[in-house]
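Worksheet for the structure shown next.
The values are calculated or read from the model by the stated rules, or taken from the named source; none is laboratory data. A quick note: this is a predicted structure, and the numbers were derived from the prediction, not measured. In this analysis, Cβ positions are derived from the backbone assuming ideal geometry, glycine residues included, and neighbour counts consider all displayed protein chains. Remember, those area values only see protein heavy atoms, side chains included, never the ligands or the DNA or RNA. Shrake-Rupley method; radii C 1.70, N 1.55, O 1.52, S 1.80 Å.
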Amino acid sequence: MARLQSSAQQKPKLERQASYQEYYFDQKIDHFGLRGNDTFKQKIYINGDNYVPGGPVYLFNSGETPASPSYLVAGEPYVLAKATGGMLIIMEHRYYGVSYPVSDMSGPNMRYLTLENALEDIAYFVRSAPAFVNKS
């Protein structure tokens, strides 16, 4: 009779331990003028282990969950970056994890949690990425 493996034996093993440094990008609190050029620290992780000069750079926003270095060593974005000699950058979404543009979650402070600001976070990072990645 065949024996079933324990769930611990069935889990896939990661190729390497997720031990990547956290970086913090100076992101604008409001891209549309209400807060001028005020910024907050947006958490970023970078995996350049498989990067080949001239290769693609993949930016993955962690969405409605804190950014984690585990995204850098497993999952579809990692597989894609590894297969193509790409760099993988994980960006934490504003108002999640430690990437808070405000000091509290009161009603008035939620005005910066908009689709427009979230999309512009990505666009602003992309425009700034070469200098940020080279510095990091």
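Before moving on, here are some points about what is shown:
- The residues listed here are Tyr100, Tyr124; of these, the one that is in contact (Cβ under 8 Å) with a residue 60 or more places away in the chain and part of a helix (DSSP H, G or I) is Tyr124.
- Matching residues in segment 43-62 - criterion: being of a type in the set (Phe, Trp, Tyr) and touching a Phe, Trp or Tyr at 6+ places or on another chain (Cβ under 7 Å): Tyr45, Phe60
- Hits in segment 29-49 - residues which are in contact with a strand residue (DSSP E or B) (Cβ under 8 Å, 6 or more places away or on another chain), open to solvent by 30 Å² or more (accessible area, probe 1.4 Å) and not basic (Lys, Arg): Asn37, Asp38, Thr39, Gly48
- Residue match in segment 74-94 (condition: loosely packed, with under 12 Cβ neighbours inside 10 Å and either in a loop (DSSP other than H, G, I, E, B) or β-branched (Val, Ile, Thr) (or both)): yes
- Identity of the residue in segment 50-65, open to solvent by less than 50 Å² (accessible area, probe 1.4 Å) and within 9 Å of the chain's Cα centre (by Cα), that ends up farthest from Pro77 (Cα to Cα): Gly63
- Within segment 104-115, the only residue that satisfies the criterion of being under 20 Å from Ile44 (Cα atoms) and exposed (fewer than 13 other Cβ atoms within 10 Å of the Cβ) is Leu115.
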